[in-house]
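Trainee: Got a structure for you, questions after.
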Amino acid sequence: MAPDFPDWRPQAPLQPLRFNWLDAAGVELACLRLDLIDPLICGNKWFKLAPHLREAVAAGARGLISLGGAHSNHLHALAAAGRRFGFPTVGLLRGEPQQTPTVSDLQAMGMHLHWLGYGGYRARHQADFWQGWLQRYPGFHPVNEGGLGLAAAQGCAELVAMAQAQLAALGWSDFDGWWLAAGTGTTLAGLVLGEQGRRAVHGALAVPAGHGVAEQVAALLQQAGRPDQGYRLIEAARGGFARMDDELRNFINASESASGLPLEPVYTGKALMALRDFCDNGHLARGCRLIFVHTGGLQGRRALMGADANYTQV
């Protein structure tokens, strides 16, 4: 069955956030709640997936195939979209078979899974990687890990207009910049494209600096014909991707208690903690107004922080 592109244009609310450390720094913050657009297809993943789905429909594809790890938010959103909108999905997973809450969800949502091991997963960068898989799944549309690509970045560019349309409700006439977690840098690149140099975009790195995010962002902007330096990448990985220490856990728990904003330790928790550190160190001017993008990913917190009432199970 070929995918049919859904007439679905989710809107995320823009909500004010207050913390003592923001008040002390004289910084105002609002949160674009992408985690609230849908119980399953939530966060920034839909905005990255939608362009790929359009391409698949235009090509008459039978389904979509992509890659990710055993806790992948990307594969989770793809599987959920496949079940919701009626198209088959295939997931190629890093490492050896294991049963995680995410993997259980992928299976429940009908995604066909293949475990590639670690060496097999590294082969995803080879030019002929997709050839064998597309012979096995003819007519399927391949999507890069995490949805990485210019089309996905352009899909995220619409978040700028989504936020701007809600400024008046906050009593803001304008704001100074964006703050978000960066995993592949695709969403960050989309915001830079959407801003066209008007406001700064700060990306708190969820992966160590040597994992190529800077190069990926630069390449996406170059492909768009809009090389731009209106962004900054900030170290926030705290020793590695998806690693959590007691300080981060305590920060997440305290922040959730103070604000009611659900966080997870891979992306949003680290990004907000990096913003706290920026404020504490006086790196932001008093009176500054920022928008924090909640990129979702709450399904992934189950493996690191246990079951979460704020996440709707499949």
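Trainee: Would you check if residue 163 is in contact with a Lys or Arg (Cβ under 6 Å, 6 or more places away or on another chain), touching a residue at least 24 places away in the same chain (Cβ under 8 Å) and of a type in the set (Gly, Ala, Ser)? Even if it seems obvious, please write down each step before you answer.
Mentor: On the way: in contact with a Lys or Arg (Cβ under 6 Å, 6 or more places away or on another chain): no; touching a residue at least 24 places away in the same chain (Cβ under 8 Å): yes; of a type in the set (Gly, Ala, Ser): yes.
No, not satisfied.
Trainee: If you don't mind, another one. Which members of the range 203-227 meet the condition of being surrounded by 19 or more Cβ atoms within 10 Å (Cβ to Cβ) and either in contact (Cβ under 8 Å) with a residue 40 or more places away in the chain or in a loop (DSSP other than H, G, I, E, B) (or both)? Give the steps one after another, and end with the answer.
Mentor: We begin by selecting, within the range 203-227, every residue surrounded by 19 or more Cβ atoms within 10 Å (Cβ to Cβ); these are 203-207, 213, 216-217, 220-221.
Correct list: 204, 206, 207, 216, 220.
Trainee: Here's a follow-up. Would you mind telling me which numbered condition in (1) surrounded by 15 or more Cβ atoms within 10 Å (Cβ to Cβ); (2) without any contact (Cβ under 8 Å) to a residue 40 or more places away in the chain; (3) within 18 Å of residue 72 (Cα to Cα) residue 146 fails?
Mentor: (2)
Trainee: Next question, about the same structure. Check 161, 165, 127, 157 and return the single one that is farther than 19 Å from residue 56 by Cβ and modelled with pLDDT under 95.
Mentor: Numbers: 161 fails: modelled with pLDDT under 95; 165 fails: modelled with pLDDT under 95; 157 fails: modelled with pLDDT under 95.
Only one candidate passes the filter, namely 127.
Trainee: Shifting gears a bit: Report whether or not residue 113 is assigned to a helix (DSSP H, G or I) and within 22 Å of the chain's Cα centre (by Cα). Reasoning before the result, please.
Mentor: On the way: assigned to a helix (DSSP H, G or I): no; within 22 Å of the chain's Cα centre (by Cα): yes.
Considered against the rule, which asks whether it is assigned to a helix (DSSP H, G or I) and within 22 Å of the chain's Cα centre (by Cα), residue 113 comes out as no.
Trainee: Do you know which residues across the range 19-60 are part of a loop (DSSP other than H, G, I, E, B), more than 18 Å from residue 163 (Cβ to Cβ) and at pLDDT 95 or above?
Mentor: 19, 26, listed by residue number.
Trainee: Considering only the range 9-18, state which residues are in contact (Cβ under 8 Å) with a residue 12 or more places away in the chain and assigned to a loop (DSSP other than H, G, I, E, B).
Mentor: So in the range 9-18, the residues in contact (Cβ under 8 Å) with a residue 12 or more places away in the chain come out as 10-18.
Residues satisfying the conditions are 10, 11, 12, 13, 18.
Trainee: Under the condition of being in a loop (DSSP other than H, G, I, E, B) and touching a Pro at 6+ places or on another chain (Cβ under 9 Å), which residue from the range 71-87 is nearest to residue 111 (Cα to Cα)?
Mentor: From the range 71-87, those in a loop (DSSP other than H, G, I, E, B) are 71-72, 86-87; that's our starting set.
Checking which are touching a Pro at 6+ places or on another chain (Cβ under 9 Å) leaves us with 71, 86-87.
Numbers: 71: 14, 86: 12, 87: 10 Å.
Filtering the range 71-87 for residues that are in a loop (DSSP other than H, G, I, E, B) and touching a Pro at 6+ places or on another chain (Cβ under 9 Å), the one nearest to residue 111 (Cα to Cα) comes out as 87.
Trainee: How many residues, within the range 277-298, are of a type outside the set (Val, Ile, Thr), outside any strand (DSSP E or B) and within 20 Å of the chain's Cα centre (by Cα)? Give the derivation first.
Mentor: Start the filter on the range 277-298 by keeping residues that are of a type outside the set (Val, Ile, Thr), which leaves 277-290, 292, 294, 296-298.
From what's left, outside any strand (DSSP E or B): 277-288, 296-298.
Going one step further and asking which of them are within 20 Å of the chain's Cα centre (by Cα), we end up with 296-298.
Selection size over the range 277-298: 3.
The values are calculated or read from the model by the stated rules, or taken from the named source; none is laboratory data. Since we're looking at a predicted model, the values are computed, not measured. Note that each Cβ is placed from the backbone with ideal geometry, even for glycine, and that neighbours are counted across all protein chains shown.
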